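These notes concern the structure reproduced below.
The values are calculated or read from the model by the stated rules, or taken from the named source; none is laboratory data. The structure displayed is predicted, hence computed values, not measured ones. Don't worry about glycine lacking a Cβ; one is built from the backbone with ideal geometry, like all the others, and counts go over all protein chains shown. Side chains are part of the model used for accessible areas, which takes the heavy atoms of the whole protein and leaves out ligands, DNA and RNA. Shrake-Rupley method; radii C 1.70, N 1.55, O 1.52, S 1.80 Å.
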Amino acid sequence: MKIFHLEFWADSFHEGNWACEELSKFFTLKKLHYEQGFIPVFLFEIDKEKELEITVLGSYKNWSPLPQPIAELLEWGKPDLVVFDPAEQKILLAVEETAAVPTGNQALQRCERIYGSLRLEIPFWYLLGEFGVHIDGGVRRDSIWPTVLGIKLSCIKKTPCIVLHYSDQSHPEDYSVGEGVHSLYAALATKIGIFMGTKTTTDLQPILEEQYGHMIDFIKSQGANVVNFIPNQEVLYNINTPKEISKLVTSSDPISNKSLDFFNWGTTVDLPPDIYKNITPGGLIKQDLFINELEKIVAGKHAYTLSGNAGSRPQHKESVEIWLSEQKALFSTNISPDAYFSLKIADFPKSISGRLHVTTAKNVFYLVDSSAEVEKSLKRAFPRLKKLTMKENLPSFVYISNSIKPGRIFGDPYTGQLSAFANIFTKNVAGKKTRTSIAYYPHQVHTQLFDNKLNFRKNKGIILMRELLDFAVFQGGVLVDMKNGKII
Amino acid sequence: MIKYTFNVNEEIARWVTEVYIKNQQKLGWWVAFTNPIAGPWKKITALNGEGVPVEIYRFEREGERPDLILVNDMYKLVIIVEAKDYYQKLIAPDQMKKSVRVIEGISSILVNSSNEHWAVRVGYKILPAFLWFTEDTNSILNEDKIVKEAFEKCSKLDPNELINIIISKDASGNLHNNFVYRGKSNKDLLLEN
């Protein structure tokens with residue numbers, strides 16, 4: 001009898017236990033016992049010659065030694081379940097599941113985990129409710145961005161990255177409604193079968209094909225509620241697309257994914273005529289020199305946005321004063337001699353409630369036709385950047401975070417936004433760079449990126465920014481080349 | 001195979017009790033609610049006529065929740081549990097006030113529930129409980145006394161009705177439940193109304 005061993009690492013024992021219980025629908029559960037009075041050990045009979053023993057280890061960080069691959073993955077957020085092969089010290093897959101539909105910024109928070117897993121080429125399944133009850137009592141539907149990101153990263157990394165849904169409009173947040181839960185565990189059981197040699201990737205392909213089909217159907221159905229337009233619709237409507245993606249992510253052979261050229265939001269000349277015609281600047285809530293310049297590019301129809309509904313969440317004046325004072329203290333002219341900290345409390349307009357607006361643009365990012373246009377805008381807004389040259393003249397993606405509190409840009413929801421949007425808008429599905437990636441932090445100070453020796457500090461946010469950005473522009477027009485750390 | 005060692009935290013301590021409840025079904029206890037970090041468990045359930053758990057109450061996203069709710073239909077008892085890794089955290093004044101507030105809030109929800117699947121249990125006696133881990137098996141009764149005193153200062157409920165569930169580790173590293181009720185420690189959750 002050959003016994004295979006796996007470990008199910010989980011945030012909570014319930015997650016690991018639940019996964020094993022669901023697996024018993026695919027494998028025969030022979031025995032369950034609890035080591036040391038609480039560690040579940042499931043023994044499954046696979047066939048007459050093979051058994052599978054799964055040990056559930058809940059609460060990741062309470063165990064020692066935490067396997068290094070798991071520790072590395074956890075730096076990007078804790079997935080709810082990690083299936084780990086202890087003999088090979090290899091993660092087979094990770095699962096994230098949420099009980100409620102994430103709304104607003106929350107929808108993008110999980111994108112950091114998706115990216116964190118895929119950058120390590122770890123297959124990732126994300127299970128969430130398609131419909132959920134918002135805090136206001138209304139029913140909300142999931143955002144398309146995690147799903148778009150999942151498909152795009154699947155193609156780029158040739159690794160499954162799946163978003164599955166449960167529930168429906170009449171049964172929001174109900175795990176028992178819809179195919180999501182069953183589909184997740186069908187994939188999990190097949191992946192484990194591949195691990196044991198009882199299944200092959202050919203067995204996984206039809207499951208993935210169905211899952212990618214679901215993802216594409218969801219985007220087709222929900223896309224118009226989230227963005228002005230989705231490009232390359234013909235690929236989304238091609239019935240072979242899910243199969244093509246499933247082949248791509250399960251084959252070790254290099255496959256040309258030319259036929260999968262989609263989710264490429266191009267330049268303004270590529271826009272559908274009705275969308276091009278309606279390109280208009282969205283206006284600003286709080287004034288900003290650089291964003292005003294970007295708005296002018298939009299007015300000239302050389303840049304566009306996909307939605308203009310970024311809500312303003314005004315902040316208490318006292319908080320803004322504290323954060324401004326902290327940012328000012330962090331500002332150092334030693335490393336950027338002609339820059340100065342110019343923000344003052346009067347720059348922030350009052351809201352009806354008396355709090356202060358910190359939101360600048362009404363959209364989170366701009367898609368600009370060329371980096372030369374962005375370069376000119378930066379020079380107009382910040383004359384000190386007159387010597388700036390962006391070497392590649394590619395179209396540009398300009399992401400904006402209005403956060404003021406020091407350090408906030410290195411955490412949720414900003415790292416999630418950047419994980420989603422930079423991957424979606426700056427690369428094609430073959431992983432080729434299509435846009436220069438720029439972030440603008442008008443209320444944050446650049447020194448937060450560096451240690452005393454002017455080396456990049458090492459935290460998740462900075463690692464992510466270095467991987468996904470070419471340039472980051474901070475308060476005072478201080479520009480940091482994120483690839484080499486050069487400060488202008 | 002790699003042998004992992006562990007530190008007991010609230011999650012592990014609570015899970016030890018849940019495993020006990022699962023393995024001792026003859027005693028009649030079942031879990032109506034548990035508070036892990038995520039997942040489809042953020043609702044109170046009750047067993048329906050067929051013994052299947054059905055939702056009777058769903059917590060608001062930011063709503064205060066207990067850590068565990070146990071029900072026994074034979075004894076007609078409900079136990080609402082607040083958990084921490086060590087008793088010192090439970091007796092901190094703000095924490096004890098919060099725990100009492102949660103226990104009283106959940107009691108009120110259960111007593112006033114009009115859900116058809118909870119209806120037969122509306123009159124069940126509700127007992128407050130705390131759960132934690134101790135490094136020292138010999139101090140179980142002493143820690144129980146300290147927690148009971150802290151509870152008495154913050155709650156109008158009868159401290160003699162408090163159950164403390166104290167998780168201990170034996171020489172082999174196995175974790176055990178110690179159920180302390182009215183000053184007596186028991187390895188089993190045997191309470192009669």
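Assorted remarks:
- Residue within the stretch A:28-39 that is assigned by TED's automatic domain parsing to the domain that holds A:L188, modelled with pLDDT under 95 and more than 20 Å from B:F6 (Cβ to Cβ) present: no
- Selected residue [of a type in the set (S, T, N, Q) and within 14 Å of chain A (Cβ to nearest Cβ)] from B:N177, B:N112, B:N186, B:N138: B:N177
- Residue in the stretch B:6-20 that is within 29 Å of B:M96 (Cβ to Cβ), surrounded by fewer than 21 Cβ atoms within 10 Å (Cβ to Cβ) and at pLDDT 95 or above present: yes
- Taken over the stretch A:47-66, the criterion of being at the interface with another protein chain (Cβ under 8 Å from one of its Cβ atoms) and either open to solvent by less than 30 Å² (accessible area, probe 1.4 Å) or polar (S, T, N, Q) (or both) is satisfied by A:L57, A:G58, A:S59, A:N62, A:W63, A:S64.
- Test: residue in the stretch B:60-71 that is surrounded by fewer than 21 Cβ atoms within 10 Å (Cβ to Cβ), within 14 Å of another protein chain (Cβ to nearest Cβ) and not in a loop (DSSP other than H, G, I, E, B): no
- When restricted to residues that are assigned to a helix (DSSP H, G or I) and either more than 9 Å from chain A (Cβ to nearest Cβ) or surrounded by 22 or more Cβ atoms within 10 Å (Cβ to Cβ) (or both), the stretch B:23-35 contains 3.
Conditions (1) at pLDDT 90 or above; (2) open to solvent by 10 Å² or more (accessible area, probe 1.4 Å), marked per residue:
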| site | (1), (2) |
| --- | --- |
| A:I70 | yes, no |
| A:V82 | yes, no |
| A:Q89 | yes, yes |
| A:G116 | yes, no |
| A:Y126 | yes, no |
| A:G129 | no, no |
| A:R140 | no, yes |
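Per-residue answers, yes or no, for (1) within 16 Å of the chain's Cα centre (by Cα); (2) free of Cβ contacts under 8 Å to residues at least 24 places away in the same chain; (3) assigned to a helix (DSSP H, G or I):
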{"residue": "B:D85", "(1), (2), (3)": "yes, no, no"}
{"residue": "B:S99", "(1), (2), (3)": "yes, no, yes"}
{"residue": "B:E116", "(1), (2), (3)": "no, yes, no"}
{"residue": "B:I140", "(1), (2), (3)": "no, no, yes"}
{"residue": "B:D144", "(1), (2), (3)": "yes, no, yes"}
{"residue": "B:E152", "(1), (2), (3)": "no, yes, yes"}
{"residue": "B:I166", "(1), (2), (3)": "yes, no, no"}
{"residue": "B:S172", "(1), (2), (3)": "no, yes, no"}
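- Qualifying position, being aromatic (F, W, Y) and out of contact with any Phe, Trp or Tyr (no Cβ under 8 Å at 6 or more places or on another chain), among B:Y86, B:Y75: B:Y75
- Looking at A:S403, A:S371, just one residue is touching a residue at least 24 places away in the same chain (Cβ under 8 Å), touching a His at 6+ places or on another chain (Cβ under 9 Å) and among the polar types (S, T, N, Q), and that residue is A:S403.
- Residue in the stretch A:207-222 that is aliphatic (A, V, I, L, M) and closer than 28 Å to A:K301 by Cα present: yes
- Test: residue in the stretch A:195-204 that is open to solvent by 30 Å² or more (accessible area, probe 1.4 Å), in contact with a strand residue (DSSP E or B) (Cβ under 8 Å, 6 or more places away or on another chain) and among the β-branched types (V, I, T): yes
- Condition check for B:K76: touching a residue at least 12 places away in the same chain (Cβ under 8 Å) and on the phi > 0 side of the Ramachandran plot: yes
- Qualifying residues in the stretch B:155-173 (those that are more than 27 Å from B:D73 (Cβ to Cβ) and open to solvent by less than 50 Å² (accessible area, probe 1.4 Å)) - the one farthest from the other protein chains (Cβ to nearest Cβ): B:S168
- Some residue of the stretch B:37-51 being without any contact (Cβ under 8 Å) to a residue 40 or more places away in the chain, under 19 Å from B:I163 (Cβ atoms), within 11 Å of chain A (Cβ to nearest Cβ) and within 18 Å of the chain's Cα centre (by Cα): no
- One residue alone among A:R380, A:R384 is open to solvent by 50 Å² or more (accessible area, probe 1.4 Å), charged (D, E, K, R) and either assigned to a helix (DSSP H, G or I) or under 20 Å from A:N363 (Cβ atoms) (or both), and that residue is A:R380.
- From A:F44, A:F4, A:F13, residue being within 11 Å of chain B (Cβ to nearest Cβ) and of a type in the set (F, W, Y): A:F13
- If you filter the stretch B:174-193 down to residues that are under 14 Å from B:K145 (Cβ atoms) and out of contact with any Ser or Thr (no Cβ under 6 Å at 6 or more places or on another chain), you find that the one that is most open to solvent (accessible area, probe 1.4 Å) is B:K184.
- Count - residues of the stretch A:318-357 that are modelled with pLDDT under 90, polar (S, T, N, Q) and crowded, with 18+ Cβ neighbours inside 10 Å: 1
Let's see how each residue does on (1) outside any helix (DSSP H, G or I); (2) small (G, A, S); (3) crowded, with 16+ Cβ neighbours inside 10 Å; (4) in the same structural domain as A:P337 (by TED's automatic domain parsing):
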residue: A:I438; (1), (2), (3), (4): yes, no, yes, yes
residue: A:Q448; (1), (2), (3), (4): no, no, yes, yes
residue: A:N452; (1), (2), (3), (4): yes, no, no, yes
residue: A:G461; (1), (2), (3), (4): no, yes, yes, yes
residue: A:V473; (1), (2), (3), (4): yes, no, yes, yes
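- All conditions but one from (1) at pLDDT 95 or above; (2) in a loop (DSSP other than H, G, I, E, B) apply to A:V374; the one that does not is (2).
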